[in-house]
Structure formats: structure tokens, C-alpha cells
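Below is one structure; the comments refer to it alone.
Derivation of every value follows stated rules applied to the coordinates shown; laboratory data play no part. Source: prediction; values computed, not measured. Counting neighbours? That spans all protein chains shown, and the Cβs are built from the backbone with ideal geometry, glycine included.
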Amino acid sequence: MAFAIYATISLFAVIYCTVRPKVLNTLELTMIFLVVMYLDSNIMDFVMLNLNGIVLAKATSARFTFYLSFIVLYPLIIACSIDHIRKIKAKLGKVLIVLAAVMAIVCLERGLTNLDVLTYRNWNWLYDFAQWLCIYLITCCLHSLFRKLVLKELTH
């Protein structure tokens, strides 16, 4: 059941992000996806293996749901929100978009715990919020450096 729910959510997110006009180019989107996947996989490995804070269910569908969410859904949410941030000028709007994206990811992870895909032992939603806010801010910083260094060289 969890796999069907998260596969449907991921499908809608992919369709939405594919159809809507974007400011970011394909290279930037790829960089954002790779950074988010790298950071999230390393943090989750540390939390699961070293801290024993989160336990992943043994069922194959639960594992597919977990990997689908952190390989497709979470990077897509961050990439789309960074794209939205590039479009708007108001500082408050940018902060609200960041908080909305982080809260969306935290709520989706909470959904994984409610569907028995993940079990929190020494972990809670505040840690999730802090983790995803850090991942988001690191990704934004690396994206701005990427724009300054790489894209500047590609346009010359």
C-alpha cells in the first residue's frame, strides 16, 4: 500500500515538474538531484547504521518506497522549490518556499513512519526538520557556487 501511495505521489510530482516552465537548466537540475541524493543517503546511512535512530522495514515494497522517496521525490521537491525561489523577488516569499519545501519532505517522511516503512527509535520530526533544512541550505549554497563557477565558464 505504501509503495502505491508514494509511487503515485512521485508520478504526480514528476509530471508537474516536467510540464511547468523552469528557470533552471538541465545541468543545474542534475547537480541538485545528485547533491540531495548524496547528502541524504550519507545522513540516512549514519542515522540508520551508527545511531540506530531509524529502522527500515524488511518488506521489499517498503524498501522500494523508501528508495523511491529519497531518490526521486525529495530531490524533486528541493529542485522545484529552488526553481521557484529563482523566480520570485520577495525575501519573505523565498523563506516561505524554503519552509514549505522542508515541511513537505518532513510530512512525507512522517507518512513513511505511519505506513510502517520506517520506524523511529531515537529520532523524531524535529531531527528530520533540522536534517532537511541543512540539506536544503547546503544544496542552495552549492547551487549558487555551481552557477558562479561552472555556468559562467560554459557561457564564455
#### Entry: Net length gained if the chain between I9 and W125 were fully extended (0.36 nm per residue, minus Cα distance)
39.7 nm
### Message
What are the ³J(HN,Hα) couplings of region 103-114, residue after residue, when phi is run through the Karplus curve with 6.51, -1.76, 1.60 and θ = phi - 60°? Round to Hz, x for glycine and proline.
### Response
5, 4, 5, 4, 5, 5, 5, 5, x, 5, 6, 5
### Query
Roughly how big is the chain's charge dipole about its Cα centre, with Cβ charges of +1 (Lys, Arg) and -1 (Asp, Glu), in debye to the nearest 20?
540
### Query
Which value, in debye to the nearest 20, gives the size of the charge dipole of region 1-84 about its Cα centre, when Lys and Arg are +1 and Asp and Glu are -1 at the Cβ?
220
### Percent breakdown of C-alpha pair distances by 5 Å bin, ordered from the shortest bin, for region 76-133
4, 19, 24, 20, 14, 10, 6, 3, 0
### Query
Relative contact order for the chain: what is it in percent, counting Cα pairs under 8 Å that are at least 6 residues apart?
34
### Message
Taking the number of other C-beta atoms within 10 Å as the exposure measure, put I138, I82 in order starting with the fewest.
### Response
I138, I82
### Message
Taking only the Cα atoms of region 29-154, how large is their convex hull per residue, in Å³?
### Response
103
### Task
Would you mind calculating the gained length between K58 and A100 on full extension (0.36 nm times residue separation, minus the Cα-Cα distance), in nm to one decimal?
12.0 nm
